[in-house]
Amino acid sequence: DDESRSITIVNESGRRVQVHWINPDDGELVPQIEPDLLNGASFDLKSYVGHNFEVRELPAKNTGVCSGEDQTCGVDYFAVNSNHDQVIYIREGASIEHADSRTAATKSAESLLVDCKFAAKTQLEADPQSALSIIDLLSDCVKNGVADEILKANEEISFQEELRKSMGDLMENYTCADMTLNTTEAKRTEYWEGRKVEVMIDRPTAKIHLIENFVTLEECKAVEERAAPNLHDATVEDGRGGSELSEHRKAKQAGIKVDWDMEAEGDLIASLSRRVYDYVNHVLPFGIKENGQEDLMSIQYFGRGLDDEKPDRYMPHCDGDCNGLNFRTGQRMATIVMYCDIPEVGGQTRFRNSNVHVIPKKYAATFFSYIDPVTMKMDSGLTEHSGCPVLVGEKKIVTQWIRLGVDDENSWDSFNSRKEKSATRYILITL
Ligand SMILES: O=C(O)CCC(=O)C(=O)O
Ligand SMILES: [Fe+2]
């Protein structure tokens, strides 16, 4: 959980030491490594923020005494803090140096400043009147140093991200096929209007929530009835503003217009749709309205048996932009997938890059958003997701893709038809 930390303990004291956890209830010393930690050795300790430890030097085996001047054994203490990458260095006389992600960052900031300060001082000594240009010199020096550090960190993040994505890619078919895999454990549980909400991912640009009892049997029936006459093969964007059939997305679908005039009379579809926007507005500070939004979408996957080679499925994709760049007005930034019918085999919703695996639960919903409402930057892949192959039974979901920056005058299709216009031009040129 959020409070657990893995701590590396490195013994550089020149002696054997013993490491004890101090039980806060009775002060009892609980050994963490048996029989002791040899000089030059290290081990990883699983602990929690706030836990206290004692490190004690052990007497030398041959002399029976410790290294201190009066032959006393050195003792020191440390507490697990909330930073990551904590390393406890045990130095001479068992004195402790506690390093972590913050001290490492502070150290590199310090060493950066030392060089800049030196340059500024040299300049000041050469020309004591040049205060202004020294400020420039100093700030340029710091700016360049910080930029270099950020660049290095970002380079590392990109490298790790590539690794994680290629592993997710490789794992997709295995994890979909693994019927023993359960829904991933939540980070924490919340409640929304009496419904249990499991928070799976909570990052500035990416949130994934599972909400129980989001939709009712009656609402599911109402959607299914309205969808039935319009069900057709699902399509994907063809990259030129149009749409096309694809192995990427094999399912039936039908758009469902919400009759907002009927909301006051308690129309089932309108009240479901209202709940969708209420939830989005509960999580995100945009005050989203229904005007100009996409229709609700009924998506239905049909199982044709365990050895179907081309089962209904929805291959990994992002619903909106997931390139880490700025949000574009009128585009999607959140999705709610509601589960009406659950297949017997297959049909999990899977977020491969964040290792969130969801076994659909009847009437539950998966909410995810892919925008940082503060910086307006888009997610860079954590909300990429798929609908695993449906092999036995039927999976019927209702999806709402939620856009930002649409209204009656600028409805969602006006943002897409701009692309379609250029697609028409493209076709004319190729003809
Ligand atoms: O079928 C699923 O579980 C995922 C559906 C989906 O990706 C979508 O509707 O955008
Ligand atoms: Fe999707």
- Message: Considering only residues that are of a type in the set (S, T, N, Q) and within 12 Å of ligand 1 (Cβ to nearest atom), which ones fall in region 360-413?
- Response: T366, T383, S386, T399, Q400
- Query: Does L404 qualify as being crowded, with 16+ Cβ neighbours inside 10 Å, more than 27 Å from K250 (Cβ to Cβ), in the same structural domain as S271 (by TED's automatic domain parsing) and more than 16 Å from ligand 2 (Cβ to nearest atom)?
  - Reply: yes
- Would you mind stating whether D178 is open to solvent by less than 70 Å² (accessible area, probe 1.4 Å) and either among the polar types (S, T, N, Q) or under 30 Å from R313 (Cβ atoms) (or both)? yes
- Result of the Cβ filter at 7 Å on region 157-184, keeping first residues that are touching a residue at least 24 places away in the same chain (Cβ under 8 Å) and partners that are open to solvent by 50 Å² or more (accessible area, probe 1.4 Å) and not hydrophobic (A, V, I, L, M, F, W, C), at least 6 apart or interchain, is T184/N355
- Message: Whether any residue in region 62-78 is hydrophobic (A, V, I, L, M, F, W, C), open to solvent by 70 Å² or more (accessible area, probe 1.4 Å) and part of a loop (DSSP other than H, G, I, E, B) is what I want to check.
- Response: no
- Among the residues of region 156-200, write down those that are aliphatic (A, V, I, L, M) and assigned to a strand (DSSP E or B). V197, V199, M200
- Task: Among residues belonging to region 332-353 that are closer than 13 Å to Y370 by Cβ and either at pLDDT 95 or above or more than 14 Å from ligand 2 (Cβ to nearest atom) (or both), point out the one that is most open to solvent (accessible area, probe 1.4 Å).
- Result: R332
- Of all the strands (runs of 3 or more DSSP E) wholly in region 207-324, which have at least 1 residues that are over 26 Å from the mean Cα position of the chain (by Cα) and either outside the structural domain of S414 (by TED's automatic domain parsing) or buried (at least 20 other Cβ atoms within 10 Å of the Cβ) (or both)? 252-256, 296-302, 312-317
- Message: Quick check on my filter: what residues within region 194-220 are free of Cβ contacts under 8 Å to residues at least 24 places away in the same chain and either closer than 18 Å to F302 by Cα or not hydrophobic (A, V, I, L, M, F, W, C) (or both)?
- Response: G194, R195, K196, E198, D202
- Task: Return a yes/no flag: does region 108-118 have any residue that is in contact with a strand residue (DSSP E or B) (Cβ under 9 Å, 6 or more places away or on another chain), within 29 Å of L37 (Cβ to Cβ) and part of a helix (DSSP H, G or I).
- Result: no
- Can we say T329 is outside any helix (DSSP H, G or I), touching a residue at least 60 places away in the same chain (Cβ under 8 Å) and open to solvent by less than 50 Å² (accessible area, probe 1.4 Å)? no
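The values are calculated or read from the model by the stated rules, or taken from the named source; none is laboratory data. As the structure is a prediction and not an experimental result, all values here were calculated from the model. All Cβ positions, even for glycine, are placed from backbone atoms using ideal geometry, and neighbour counts span all protein chains on display. These accessible areas exclude ligands, DNA and RNA; they are computed on the full protein's heavy atoms, side chains included. Shrake-Rupley method; radii C 1.70, N 1.55, O 1.52, S 1.80 Å.
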